[in-house]
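What follows is one structure encoded as structure tokens, with my remarks underneath.
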Amino acid sequence: MARAVFLDRDGVLNALALNPITQEWESPHHPQEVEAAPGMTEGLAILAGAGFKLFVVSNQPSAAKGKCGLEDLKAVHAVVALMAASSGAVIDEWYYCHHHPKGIVPELSGACPCRKPGTFFLEDARDRHGIDLAGSWFVGDSDVDVACGRAMGCRTVLIEASHSEGRRGGVLPHHRAPDLAAAATIIVSHGGLA
Ligand SMILES: [Mg+2]
Ligand SMILES: [Zn+2]
């Protein structure tokens with residue numbers, strides 16, 4: 001069976017962006033706001049080189065909340081995907097939840113199974129890609145990432161990224177790292193696939 005590293009996106013692959021209206025750090029809403037997070041390309045290259053399948057699992061509720069359109073989020077995705085590809089790593093799936101329980105756009109609002117810490121996408125990866133979840137990892141900068149990984153028996157690395165301090169501290173990760181390169185080094189030190 002294949003092993004995987006599930007990756008949160010914002011705060012892991014790309015940096016959070018300062019929303020000029022709310023003055024809060026959140027996911028980028030426009031392509032020009034996308035900046036690579038520290039250690040992103042190096043981390044992806046380490047993980048791909050060790051033979052892990054790579055899945056991005058990301059909550060993106062800004063369109064549901066009316067802060068931007070789905071087409072804006074698609075444009076942001078395209079830039080992040082291009083940056084990730086520059087590492088030489090292949091991302092097997094980009095799993096996005098665009099829902100929010102209290103959104104204002106009806107078709108994107110309400111309860112859904114895919115919003116982290118919901119495990120829908122991990123189960124999809126297990127079922128469609130043959131992933132051994134007990135041998136897999138979840139890397140993210142928020143409690144929901146750690147909770148999502150733990151719920152499916154993955155080991156977890158919490159990235160202590162800038163500007164997301166308020167989104168963590170309530171769930172205990174297996175490991176902590178300053179960025180994706182350091183997280184990848186921890187994961188590989190526990191055994192790659194070779
Ligand atoms: Mg995040
Ligand atoms: Zn969802």
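Report yes if Gln60 is of a type outside the set (A, V, I, L, M, F, W, C) and in contact with a His (Cβ under 9 Å, 6 or more places away or on another chain), otherwise no. Considered against the rule, which asks whether it is of a type outside the set (A, V, I, L, M, F, W, C) and in contact with a His (Cβ under 9 Å, 6 or more places away or on another chain), Gln60 comes out as yes.
The residue list Pro38, Pro20 contains one member that is open to solvent by 40 Å² or more (accessible area, probe 1.4 Å), in a loop (DSSP other than H, G, I, E, B) and either under 21 Å from Ala78 (Cβ atoms) or more than 15 Å from ligand 1 (Cβ to nearest atom) (or both), which is Pro20.
For Ser87, the test of being outside any strand (DSSP E or B), touching a helix residue (DSSP H, G or I) at 6+ places or on another chain (Cβ under 7 Å) and open to solvent by less than 20 Å² (accessible area, probe 1.4 Å) is failed. Can you tell me which residue within region 137-164, out of those that are open to solvent by 40 Å² or more (accessible area, probe 1.4 Å) and within 12 Å of ligand 1 (Cβ to nearest atom), is nearest to Gly43 (Cα to Cα)? The qualifying residue nearest to Gly43 (Cα to Cα) is Glu160. Looking across Val105, Val57, one residue alone is in contact (Cβ under 8 Å) with a residue 40 or more places away in the chain, hydrophobic (A, V, I, L, M, F, W, C), within 16 Å of ligand 2 (Cβ to nearest atom) and open to solvent by 20 Å² or more (accessible area, probe 1.4 Å). It is Val105. Restrict the check to region 115-136 and report whether at least one residue is buried (at least 17 other Cβ atoms within 10 Å of the Cβ) and within 20 Å of Met40 (Cα to Cα). Checked region 115-136: at least one residue is buried (at least 17 other Cβ atoms within 10 Å of the Cβ) and within 20 Å of Met40 (Cα to Cα).
Annotation: of all residues in region 1-54 being among the charged types (D, E, K, R) and within 16 Å of ligand 2 (Cβ to nearest atom), the one that is farthest from the chain's Cα centre (by Cα) is Asp10. Before we move on, is His77 closer than 16 Å to His30 by Cβ, within 16 Å of ligand 2 (Cβ to nearest atom) and surrounded by 15 or more Cβ atoms within 10 Å (Cβ to Cβ)? Criteria met by His77. Pairing each residue of region 73-84 that is under 12 Å from Met40 (Cα atoms) with any residue that is open to solvent by less than 50 Å² (accessible area, probe 1.4 Å) and of a type in the set (D, E, K, R), provided the two are 6+ apart or on different chains, yields C-beta distances under 7 Å for Val80/Arg9. Looking only at region 108-132, filter to residues that are assigned to a helix (DSSP H, G or I) and touching a residue at least 60 places away in the same chain (Cβ under 8 Å); which one of those is farthest from ligand 1 (Cβ to nearest atom)? The selected residue is His129.
Considering only residues that are in contact with a helix residue (DSSP H, G or I) (Cβ under 9 Å, 6 or more places away or on another chain) and part of a loop (DSSP other than H, G, I, E, B), look in region 60-74 and name the one that is surrounded by the most Cβ atoms within 10 Å (Cβ to Cβ).
Checking each candidate, the answer is Ala64.
Could you tell me whether Cys112 is out of contact with any Asp or Glu (no Cβ under 9 Å at 6 or more places or on another chain) and more than 22 Å from Val5 (Cβ to Cβ)? Judged against the criteria, Cys112 is a match.
The values are calculated or read from the model by the stated rules, or taken from the named source; none is laboratory data. Remember, predicted model here, so these are calculated numbers, not experimental data. Counting neighbours? That spans all protein chains shown, and the Cβs are built from the backbone with ideal geometry, glycine included. Heads up: the accessible areas ignore ligands, DNA and RNA and are worked out on the full protein's heavy atoms, side chains in. Shrake-Rupley method; radii C 1.70, N 1.55, O 1.52, S 1.80 Å.
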